Amino acid sequence: MTTVSFDTPVAAEALLRAAVLFKFDGGGDAEPYAGSPPYAHAVRRLLAAVADAHRAAGRAGTAQRWLGLYRLGGHEERLSFVREFVRRHPDWDSLDAEARRAWVEVVAAPYTVSDDDLAQVIA
């Protein structure tokens, strides 16, 4: 396991924001990362690190705001991206519900996917 540390939460926040913008707005260069489980894991961990750093500094409200910002519901543009991208999976039509949810969560990361979000994506 590799560990990366930041001097301030702001540095981690900047990297998280850049990683998210690249994933969802990076065009063809970003496409391999949009469906990458390791990338999804990395951006989820980065979001968790940002929230943890704020909690550790006594800013639980700021931590919750960061986590709330990365819920798929309410982000129509991201939801649309996920809806379109997940269908590119070569076995999309034959995936069971559990596999579909897992794939949607990879593509949506670091955004969390509620049951309502999932229903909108797979509709």
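A few notes on this one:
- Selection within region 1-34 - in contact with a helix residue (DSSP H, G or I) (Cβ under 6 Å, 6 or more places away or on another chain), within 21 Å of residue 79 (Cβ to Cβ) and not charged (D, E, K, R): 16, 19, 22, 24, 30, 33, 34
- Of everything in region 75-123 that is among the hydroxyl-bearing types (Ser, Thr, Tyr) and out of contact with any strand residue (DSSP E or B) (no Cβ under 8 Å at 6 or more places or on another chain), the residue that is nearest to residue 43 (Cα to Cα) is 80.
- Residue match in region 105-113 (condition: among the small types (Gly, Ala, Ser) and crowded, with 17+ Cβ neighbours inside 10 Å): yes
- Residue among 55, 78, 45 that is basic (Lys, Arg), touching a helix residue (DSSP H, G or I) at 6+ places or on another chain (Cβ under 8 Å) and over 26 Å from residue 123 (Cβ atoms): 55
Conditions tested, residue by residue: (1) open to solvent by less than 80 Å² (accessible area, probe 1.4 Å); (2) over 21 Å from residue 118 (Cα atoms); (3) at pLDDT 95 or above.
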| residue | (1), (2), (3) |
| --- | --- |
| 4 | no, yes, no |
| 15 | no, yes, yes |
| 26 | yes, yes, no |
| 54 | yes, yes, no |
| 60 | yes, yes, yes |
| 73 | yes, no, no |
| 79 | yes, no, yes |
| 83 | yes, no, yes |
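- Residues in region 37-52 that are closer than 17 Å to residue 89 by Cα and either more than 11 Å from the chain's Cα centre (by Cα) or modelled with pLDDT under 95 (or both): 38 only.
- Residues of region 62-71 satisfying the condition of being open to solvent by 30 Å² or more (accessible area, probe 1.4 Å) and closer than 23 Å to residue 3 by Cα: 66, 67
The values are calculated or read from the model by the stated rules, or taken from the named source; none is laboratory data. Everything numeric here is computed off the predicted structure, so don't read it as measured data. No Cβ is skipped: glycine too gets one built from the backbone with ideal geometry, and neighbour counts run over all protein chains shown. For accessibility, only protein heavy atoms count, side chains too; no ligands or nucleic acids. Shrake-Rupley method; radii C 1.70, N 1.55, O 1.52, S 1.80 Å.
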